[in-house]
Amino acid sequence: MSHSASESVNTATAGEDLHGLPESNAPVIARFLSERAAVQAALDALCSRWLSDLAPQTADAIRYALLGEGKRLRAILLMEAYRACGGTDDVHDLAAAVEVVHAYSLVHDDLPCMDDDDVRRGRPTVHRAFGVTIATAAGLAMVPLAARSAWHAAKTLGLPDEEAGAIVRDLMSASGGGGMIGGQLLDLEAEGLNLTLEALERVHRLKTGALIMAAVSIGARAARSTSARREALARYGDAIGLAFQIADDVLDVTATTVELGKTAGRDLALQKSTYPALLGVEGATARAVALVHDACAALEREGVLTPALKALASFTVERRS
């Protein structure tokens, strides 16, 4: 599918908002939606600032990947962790850097050699819109783009080189072989196998949880928080990252493609081990709820459980897409 043809695809999917939270959280939802708009603006500015030295087609593919509708959950988690630890500056640019890594992972995850999917966020995947070669190159270019933008944002916040470097290191470590990429490799190797619950959780703690954990940890680091608070937020991020993946597995078998904004039933088609297959839908949901409880308890013990972080934890399992 060409880029121009993609314009006919409906991009207004139900899954790209932050609904799914209880109605009592309406003020929190309004705040999150406002923050999401600010992150979107930061991503737009990032594209204007950094993409001009790339080949035009690659730059267009990156812009397409970054500026499509999305939850911006990782970015919002970073900002809320920053505030919970006493930060008061504008961290939208730093939050946007985390979204660059997430978007890169989706571009490559959808490639024919990976999950081979045609729809993402209610519109053609990047390789369907631009071709496999350009999509692959765009994904690769987004890794140094994320590092560059994270360093620039950290320095703009006035952080010393040591802390700015630690933020870039945390982001790259979470997205590398010991994090997201390593989890993706384990996920591919496990297709057609029946994993134990322990093995499945190892896959998803890396593939999904590592970047979510990095987002909250980076937020705490940017606020110059104590190591105890950073560790509590890391435990929170690890738990809700796993809960998020469990919810994804449940939605894959209970929601429609229109609701998800991506192809439903892909896990079954790819013969992947999933939480519903191991625990049943009710058991998987109960496991996710328990993880959310553990996440909030970790923050409560350190006095950093804010209403926003509690609501975001709930959102990971109550969302509809």
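The values are calculated or read from the model by the stated rules, or taken from the named source; none is laboratory data. Being a predicted model, the structure only gives us computed values, none of them experimental. Please note: Cβ atoms are built from the backbone with ideal geometry, for glycine as well, and neighbour counts cover all protein chains shown. Remember, those area values only see protein heavy atoms, side chains included, never the ligands or the DNA or RNA. Shrake-Rupley method; radii C 1.70, N 1.55, O 1.52, S 1.80 Å.
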Rounded to the nearest 10 Å², the 1.4 Å probe accessible area of residue 314 is 30 Å²
Accessible area per residue for the stretch 78-229 in Å², computed with a 1.4 Å probe and the full protein assembly in place, what is it? 38 Å²
Top to bottom by accessible area (1.4 Å), largest first, where do 240, 181 land? 181, 240
So if I take the alpha carbon set of the stretch 40-96, get Rg, then get Rh from the Kirkwood formula, what is the Rg over Rh ratio? 1.07
Round to the nearest 10 and report in Å² the accessible area of residue 225, as given by a 1.4 Å probe over the protein chains' heavy atoms. 20 Å²
Once you wrap a convex hull around the alpha carbon atoms of the stretch 113-178, what is its projected area averaged over all directions, in nm²? 5.8 nm²
How are the C-alpha pair distances of the chain spread across 20 Å bins, as whole percents from the shortest bin up? 34, 61, 5
Tell me, what is the Rg over Rh of the stretch 123-257, with Rh the Kirkwood radius over Cα pairs? 1.02
Just how large is the dipole of the chain about the Cα centre, in debye to the nearest 20, putting +1 at every Lys and Arg Cβ and -1 at every Asp and Glu Cβ? 540 debye
Could you check how much of the accessible area of the chain is carbon and sulfur, as a whole percent, using a 1.4 Å probe? 54 percent
Using all alpha carbons of the stretch 38-134, what is the percent of pairwise distances in each 10 Å bin, ordered from the shortest bin to the longest? 15, 44, 30, 10, 2
